[in-house]
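To start, the structure under review is shown below, and the notes come after it.
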Amino acid sequence: MENTPNKIHTSICPVCGSKEIAPFLSCKDNLTTQEVFDICKCPVCGFAFTQDFPSEKEIGKYYEATAYVSHSDTHKGIINTLYHWARKVALKSKAKMVASYADNRKGMLLDIGSGTGYFLNKMKEQKWIVTGIEKSDAARQYTKQKFDIDCQPSEYLYEIPCKTKDVITMWHVLEHLEHLNSVLDHIQGILKNDGTLIIALPNKDSYDAAHYKEYWAAYDVPRHLWHFSPSDFEHLANRHQFEVVDTKPMYFDAFYISMLSEQNKGTTLGSLVGLIKGGIYFLKSLGNKERCSSLTYILKKKEIKQK
């Protein structure tokens, strides 16, 4: 990366190391500033990234919107109401996923990017010892007030001792983190050898992404820095000595993302149109989960073979 005080320019693919960077799309920040950001793509591995994204010191203003529901917990409007309904369903699914893939039914769980704390509370109720990391002061305060859970600021990740966590989760968080490779390296260190890493990400190879192109809400520039597909994410996981042991579709995301995408296009009755189109993409993805709007990857550490 070639850094300036305000922007991060990427000249080498963070996934495969190729220097063959090509233009892909130009997308508008529809949430706050209406600025246009370029997305570039690596022709070698297919990974895409937001080019010249704001540095950590500058990006905070792009999250300052009441519509940013993962931080504000707002119920305003039909889209956010649907988000909260889907979250109730998703919380049960996430807890079940942890129980299915973790070697222990109880233990030490770290949720990176814990938002307003609903998932942490769900796992606390199931007797896990939970730790949350959340950059937003307001979201940390909300979690404390609503659930009496103390979450930590971002820097805390680098204070966690090695091999102490049974499960680490990142629900739509990795795409926001500036230091992609160093974070994954550190996660590799703090996860126990038999631990489980669960990462949920938007899927740029989804049916809805192909349809909406620059209007696809899950590009969400400049808050989303990295744009994954199943193939390039697996490449990244292998680079950090993780094995993708399973992939789970997040079917409800097609509805929410399509509604937001129609809003980005300025469609009349966009929520209704998006709901219908989301239903179509949901049905299509039933036959091909790798084209689902979002995917959850379950990872285990690779065994290091002794020479």
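The values are calculated or read from the model by the stated rules, or taken from the named source; none is laboratory data. The structure displayed is predicted, hence computed values, not measured ones. Backbone-built Cβ (ideal geometry, glycine too); neighbour counts: all protein chains shown.
You will find that of Ile276, Ile257, the residue that is farther than 30 Å from Asp52 by Cα and of a type outside the set (D, E, K, R) is Ile276 and no other.
Yes/no matrix, rows are residues, columns are (1) over 23 Å from Gly17 (Cα atoms); (2) of a type in the set (Ser, Thr, Tyr); (3) crowded, with 16+ Cβ neighbours inside 10 Å:
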site	(1), (2), (3)
Asp148	yes, no, no
Glu155	yes, no, no
Cys162	yes, no, no
Ser182	no, yes, no
Asn193	yes, no, no
Asp208	yes, no, yes
Lys248	yes, no, yes
Phe255	yes, no, yes
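Checked against (1) within 17 Å of the chain's Cα centre (by Cα); (2) of a type in the set (Lys, Arg); (3) farther than 26 Å from Gly60 by Cβ, Lys124 passes all but a single condition, namely (1). Selection over segment 276-295 of residues that are assigned to a loop (DSSP other than H, G, I, E, B) and within 20 Å of Met170 (Cα to Cα) gives a count of 2. The residues on offer are Ser285, Ser271, and the sole one that is under 19 Å from Asp205 (Cβ atoms) and among the polar types (S, T, N, Q) is Ser285. Among the residues that make up segment 271-284, is at least one of them closer than 24 Å to Glu234 by Cβ and either over 22 Å from the mean Cα position of the chain (by Cα) or surrounded by fewer than 16 Cβ atoms within 10 Å (Cβ to Cβ) (or both)? Looking for residues that are closer than 24 Å to Glu234 by Cβ and either over 22 Å from the mean Cα position of the chain (by Cα) or surrounded by fewer than 16 Cβ atoms within 10 Å (Cβ to Cβ) (or both), one finds at least one in segment 271-284, hence yes. Could you look through segment 107-142, keep only residues that are touching a Phe, Trp or Tyr at 6+ places or on another chain (Cβ under 6 Å) and farther than 16 Å from His176 by Cβ, and pick out the one that is surrounded by the fewest Cβ atoms within 10 Å (Cβ to Cβ)? For segment 107-142, the residue satisfying everything is Asn121.
I need the full set of residues from segment 223-239 which are in contact with an Asp or Glu (Cβ under 6 Å, 6 or more places away or on another chain) and either outside any helix (DSSP H, G or I) or buried (at least 23 other Cβ atoms within 10 Å of the Cβ) (or both), in order please. Hits for segment 223-239 are His224, Trp226, Ser229. When Tyr118, Tyr63 are screened for being modelled with pLDDT of 90 or more and of a type in the set (Phe, Trp, Tyr), only Tyr118 passes. Residues in segment 281-291 that are of a type outside the set (D, E, K, R) and in contact (Cβ under 8 Å) with a residue 40 or more places away in the chain: 2 in all.
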